[in-house]
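K.L.:
Handing you a structure now.
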Amino acid sequence: MESADPQAAFLRLAAGMVPAYGTILAIGPDDVAISAYLPAGCALLHEDSTPERTEADVILHLAPDGDASSLAAAAVRLGKPFLCRWPLEGPDDPRFLALREAMRVVGFRLQCGEQVMPDLALLKWVPGKAPPPARPKRVLVLSHYHVPNFGDRLGYHLLNRVLPADAEVTYGALRPWDVPDDDYDLLVLGIGNSLLPKDAANPDLLALVDRIPRAIGIFGTQYREQFLHHAMARRALERILAKVTTWWARYEEDLLAFGRGRGNVRHLGDWLIAAAPLARPRLDKALTIPAEIYSQEVALDRMIQRIQSYRRVSSGRLHTLLAALPSAEQVAYQEQRLDARFRVPGAVSKGAPESGKFRSLLYDVFGRTFDEDRPFAVDREAVLAYKRKVQTNIEALRAQLFALLGSELPVPPPPTALTA
């Protein structure tokens, strides 16, 4: 740090390491001078006049001398973030290494620091164990990432909520195939949407599943007749399901069609409902959501709020219908039918096959299906029960992701009351 006045520069730096509106205990000859540099709203306590030191939020130990053991003892006695001067001539300075070890033993870690002068540093220590220096676990998430589909965009956000903070995530796309060639610790196949027959039969996907040591699947299926009547697609799906640690199946009908006899299949539910809260519609109007919304980039929060403001909603897309279930009084849907471009060559089909995913969603939530294009009343209690079930399953999925990546599930700290 360059300054015409090294002492002023030191105090300014120290003030930048304390919170605005905090209570600061200053120890040492500069306990008065520091007051000119503290941020807004800070209360300054002085060592001589303040016998009850624990009410401070941060300790400024400004004394120019001291040894590692006495500073560590002071830190543990006060139990608060702790700033200190310390001689430092480089990262391998034995005096610094001794202090770091002494602070580690009493449960403090170095949060930040800066060299103030060639032989002096300001160091900030905080209670807590330092994170391990191990390489972050690398996760490849493979989905329809290039598609501006409402549901795919929701899945991106939900998956990021349940991954550990130290996971290094790379996203790849199923179609067109776009996967960075690298080493990964875990493959997450799907983000809650569908794995299509043409996706499963891709030799590149099968090679990837074989190569990455651990994998889980978070996906449903649709156009199931294409899987059932096309041997290559069916064998590919079976190979994928045999390799993943767990297939978190979107719907019960997915599980019944392809999960029988497998011990690694769990019914997740359509977890994208977690992005749509229970709500009360304000507009006594009908909203029609066309199938073409699939190709449009939309602001997710605004779109969900718009959908949930109407009492009656009709949708040509699955997840815009799902967003309406926790709010609308009446809904209807228009079935999605397979575009010939995405059929598996050689698969048996009559006309344009139906996706089947609307039926699966409605059966999951309500225990029954409803006819296409015929409005029906939403059973709000059934939707709430489904949301609760899915939320429980998401927590189990989160626990598995942490376990597969060797991360500890975080434990929330107890609430701390601020003293007056």
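K.L.:
Among ALA8, ALA33, ALA56, pick out the residue whose Cα is farthest towards the positive end of the charge dipole of the range 6-127, where Lys and Arg carry +1 and Asp and Glu carry -1 on C-beta, about the Cα centre.
P.N.:
Looking along the dipole axis, the top candidate is ALA56.
K.L.:
Quick check: the angle from helix 68-78's long axis to the longest principal axis of the chain, C-alpha only, nearest 10 degrees?
P.N.:
For 68-78 against the chain, the angle is about 60 degrees.
K.L.:
Here is a further query. Under a 10 Å cutoff between Cα atoms, tell me which one of ILE273, ILE216, ILE59 has the largest fluctuation in the Gaussian network model of the chain.
P.N.:
ILE59
K.L.:
Still on this model: Would you kindly derive the ³J(HN,Hα) couplings of the range 192-205 from the backbone phi angles with the Karplus curve 6.51 cos²θ - 1.76 cosθ + 1.60 (θ = phi - 60°), listing them in order in whole Hz, with x for Gly and Pro?
P.N.:
Each residue's phi maps through the Karplus curve to give x, 9, 9, 9, 7, x, 5, 5, 4, 7, 6, x, 5, 5 Hz.
K.L.:
Applying the Karplus parametrisation 6.51 cos²θ - 1.76 cosθ + 1.60 with θ = phi - 60° to the phi angles of the range 359-368, what ³J(HN,Hα) value in whole Hz is obtained for each residue in order, glycine and proline being reported as x?
P.N.:
4, 5, 4, 5, 5, 4, 7, 10, x, 7
K.L.:
Now a separate question. Calculate the dipole size of the range 162-220 relative to its Cα centre from +1 charges on Lys and Arg beta carbons and -1 charges on Asp and Glu beta carbons; express the result in debye to the nearest 20.
P.N.:
Numbers: 4 positive and 10 negative charges, 75 e Å.
Using Cβ point charges on Lys, Arg, Asp and Glu, the range 162-220 gives about 360 debye.
K.L.:
Also, I was wondering about something else. Post the alpha-carbon centroid distance, the range 75-149 to the range 237-255, in whole angstrom.
P.N.:
42
K.L.:
Show which aspartates and glutamates lie in cross-link reach of LYS80 when reach means a straight Cα distance below 14 angstrom and same-chain residues fewer than eight apart are skipped.
P.N.:
Partners within reach: GLU52, GLU55, ASP57.
K.L.:
In degrees from 0 to 90, rounded to the nearest 10, what is the angle of the helix 380-404 Cα long axis to the longest principal axis of the chain?
P.N.:
60
K.L.:
Helix-only mean residue ellipticity at 222 nm, the chain, DSSP H runs n ≥ 4 weighted -39,500 (n - 2.57), per residue, nearest 500. What is it? Please report the intermediate quantities before stating the final value.
P.N.:
On the way: 13 runs with 134 residues, N = 420.
My calculation for the chain gives -9500 deg cm²/dmol from helical runs alone.
K.L.:
Here is a further query. Which value, in debye to the nearest 20, gives the size of the charge dipole of the chain about its Cα centre, when Lys and Arg are +1 and Asp and Glu are -1 at the Cβ? Let's see the in-between values first.
P.N.:
On the way: 50 positive and 50 negative charges, 464 e Å.
It comes to approximately 2240 debye.
K.L.:
Right, here's the next one. Quick one: putting +1 on the C-beta of Lys and Arg, -1 on the C-beta of Asp and Glu, what dipole do you get for the range 6-127 around its Cα centre, in Debye to the nearest 20? Let's see the in-between values first.
P.N.:
Values: 10 positive and 15 negative charges, 75 e Å.
The dipole of the range 6-127 has a size of about 360 debye.
K.L.:
Same structure, new question: Towards the positive end of the charge dipole of the chain, with charges on Cβ (+1 Lys, Arg; -1 Asp, Glu), say which of LEU44, PRO94, PRO176 has the farthest Cα.
P.N.:
PRO176
K.L.:
Another one. Any idea what the relative contact order of the range 6-127 is, in percent, if you count C-alpha pairs under 8 Å spaced at least 6 apart?
P.N.:
Numbers: 222 pairs, mean separation 28.0, N = 122.
Answer for the range 6-127 is 23 percent.
K.L.:
For the range 164-180, take each phi angle, set θ = phi - 60°, evaluate the Karplus expression 6.51 cos²θ - 1.76 cosθ + 1.60, and give the result in whole Hz per residue in order, putting x for glycine and proline.
P.N.:
Listing the rounded values in order: x, 4, 8, 7, 9, 10, 10, 9, x, 10, 6, 8, x, 4, 8, 10, x Hz.
K.L.:
Using the per-residue mean of other Cβ atoms lying within 10 Å as a proxy for protection, in what order, highest first, do the peptides 280-288, 263-271, 106-114 fall? If you can, show how the numbers build up before the last one.
P.N.:
On the way: 280-288: 13.0, 263-271: 19.0, 106-114: 16.2.
Answer by packing, highest mean first, reads 263-271, 106-114, 280-288.
K.L.:
Percent relative contact order of the chain, based on C-alpha pairs within less than 8 angstrom and at least six residues apart?
P.N.:
Working: 761 pairs, mean separation 44.3, N = 420.
Reported relative contact order: 11 percent.
K.L.:
What percent antiparallel are the DSSP beta bridges of the chain, to the nearest 5? Provide the component values of the computation, followed by the final result.
P.N.:
Working: 18 of 59 bridges.
Percentage antiparallel, nearest 5: 30.
K.L.:
Next up: Of all DSSP beta bridges located in the range 124-283, what percent are antiparallel, nearest 5?
P.N.:
Values: 1 of 22 bridges.
Antiparallel: roughly 5 percent of the beta bridges in the range 124-283.
K.L.:
A further question follows. How do the peptides 180-193, 153-166 rank, highest first, by the average count of neighbouring beta carbon atoms within 10 Å per residue? Please list the in-between numbers first.
P.N.:
Numbers: 180-193: 19.4, 153-166: 17.1.
Answer by packing, highest mean first, reads 180-193, 153-166.
K.L.:
Taking every DSSP beta bridge with both residues inside the range 6-127, roughly what % is antiparallel (nearest 5)? Please report the intermediate quantities before stating the final value.
P.N.:
Numbers: 14 of 25 bridges.
Around 55 percent antiparallel, to the nearest 5.
K.L.:
For the cross-link pairs LYS198/LYS243; LYS198/LYS389; LYS357/LYS389; LYS137/LYS198, which exceed 26 Å when the distance is taken from alpha carbon to alpha carbon? It would help to have the intermediate numbers written out before the result.
P.N.:
Values: LYS198/LYS243 19 Å; LYS198/LYS389 31 Å; LYS357/LYS389 19 Å; LYS137/LYS198 30 Å.
Long pairs (Cα-Cα over 26 Å): LYS198/LYS389; LYS137/LYS198.
K.L.:
Same structure again: Along the charge dipole of the chain, Cβ charges K/R +1 and D/E -1, which of PHE219, VAL331, THR369 sits furthest on the positive end?
P.N.:
THR369
K.L.:
Separate question: Compute the acute angle (0 to 90°) between the alpha-carbon long axis of helix 94-105 and the principal axis of greatest extent of the alpha-carbon atoms of the chain; round to the nearest 10°.
P.N.:
60
Any read-out appearing in this document is the output of simple, stated calculations on the displayed coordinates, not a laboratory observation. All values derive from a computational prediction rather than experimental measurement. In this analysis, Cβ positions are derived from the backbone assuming ideal geometry, glycine residues included, and neighbour counts consider all displayed protein chains.
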